[in-house]
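Working notes for the structure below.
The values are calculated or read from the model by the stated rules, or taken from the named source; none is laboratory data. Because the structure is predicted, anything quoted here is derived from the model rather than measured. Ideal geometry is used to build each Cβ from the backbone, glycine not excepted, and the neighbour counts take in all protein chains shown.
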Amino acid sequence: MPTSPAAPSAPVPAPAAPHSIIATNWDDHFATIGRRRNLVEAIRIRQVFAAYRRLLAGVALPASPRVLELGAGTGHASLRLVEAFGGHATLVERNRSARGLSRRLWSARGLLDRVEHVAGDLLDFDRGATFDLVHSGGVVEHFHGPDQARVVAAHARAVAPGGLLAILVPVDTVRYRAFRATLRAVGKWIYTDEVPWPVDLAPRLFAPHGFAPVAETTCGHERGYLLRRR
């Protein structure tokens with residue numbers, strides 16, 4: 001019977017969040033996507049799946065993989081994964097507008113029978129170590145303080161022994177700072193609680209949970225990591 005990943009032996013230092021942090025308004029974000037699909041969003045979707053393709057190149061997945069996406073948003077990434085590799089996806093998302101957009105998307109592709117939408121907080125999701133591939137993009141950097149350890153644990157505990165974990169996270173580079181400054185200058189930066197990670201933080205945070213690096217790639221101003229549970 002699978003055992004839960006071991007708890008970290010010591011906390012790993014992370015970038016400090018601002019003392020007074022304002023939560024990102026995800027209702028406005030998904031409402032905007034619902035009203036119109038803009039060019040930036042379309043480019044983002046293509047970039048994310050291309051990054052996943054690079055991460056998974058040469059990696060063997062089960063014939064019908066069990067996929068879990070935490071903080072799934074519209075679920076585009078999981079849809080592309082299921083279309084490419086088969087299997088079934090479980091999408092955990094607490095935002096009602098995002099879940100509605102996701103259901104319409106999967107329905108339009110004729111794949112509603114291949115997805116389960118779970119309404120709830122990803123920090124509380126726990127079905128044991130049952131998924132072959134767990135992933136998230138643009139999620140972990142919004143959790144700070146004690147919640148950072150909780151979001152790492154939520155990802156780690158869901159991966160089956162020998163399974164894979166893929167995450168995309170913005171990293172603290174000159175490119176990221178320029179990207180953020182540009183959007184702020186034109187009033188388009190909405191991710192008020194986003195704190196980029198140091199490039200080496202993701203492998204260090206997941207190592208105490210029994211994960212080893214498999215591959216890395218870039219995705220715009222983000223870094224993609226693929227890790228395997230021992």
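Worth pointing out:
- Scan of the stretch 104-140 for residues that are at pLDDT 95 or above, more than 19 Å from F85 (Cα to Cα) and of a type in the set (D, E, K, R), ordered by number: D121, D124, D126, R127
- L123 among the aliphatic types (A, V, I, L, M), assigned to a helix (DSSP H, G or I) and more than 21 Å from Y225 (Cβ to Cβ): no
- Hey, D172 at pLDDT below 95, over 20 Å from F49 (Cα atoms) and touching a strand residue (DSSP E or B) at 6+ places or on another chain (Cβ under 8 Å) or not: yes
- Any hit, the stretch 5-24, residues being surrounded by 10 or more Cβ atoms within 10 Å (Cβ to Cβ), part of a helix (DSSP H, G or I) and either hydrophobic (A, V, I, L, M, F, W, C) or modelled with pLDDT under 95 (or both): no
- One residue stands out in the stretch 133-186 among those that are more than 11 Å from the chain's Cα centre (by Cα) and among the acidic types (D, E): the one that is farthest from R223 (Cα to Cα), namely D147.
- Contacts under 7 angstrom Cβ, first residue in the stretch 74-87 being closer than 15 Å to R104 by Cα, partner outside any loop (DSSP other than H, G, I, E, B) and of a type in the set (D, E), 6 or more apart: G75/E69; A77/E69; S78/E69
- The residue pairs whose first member lies in the stretch 40-57 and is more than 10 Å from G224 (Cβ to Cβ), whose second member is assigned to a helix (DSSP H, G or I), and whose beta carbons are closer than 7 Å, counting only pairs six or more residues apart or on different chains, are E41/I33; I45/H76; F49/A77; F49/R80.
- Only one of the numbered conditions (1) in contact with a Phe, Trp or Tyr (Cβ under 6 Å, 6 or more places away or on another chain); (2) surrounded by 16 or more Cβ atoms within 10 Å (Cβ to Cβ); (3) not small (G, A, S) is not met by T74, and that is (1).
- Residue list for the stretch 134-155, filter: under 16 Å from H209 (Cβ atoms), hydrophobic (A, V, I, L, M, F, W, C) and touching a strand residue (DSSP E or B) at 6+ places or on another chain (Cβ under 7 Å): V134, V140, A154
- Wholly within the stretch 139-230, helices (runs of 4 or more DSSP H) carrying at least 3 residues that are buried (at least 17 other Cβ atoms within 10 Å of the Cβ) and not aromatic (F, W, Y): 146-158, 201-206
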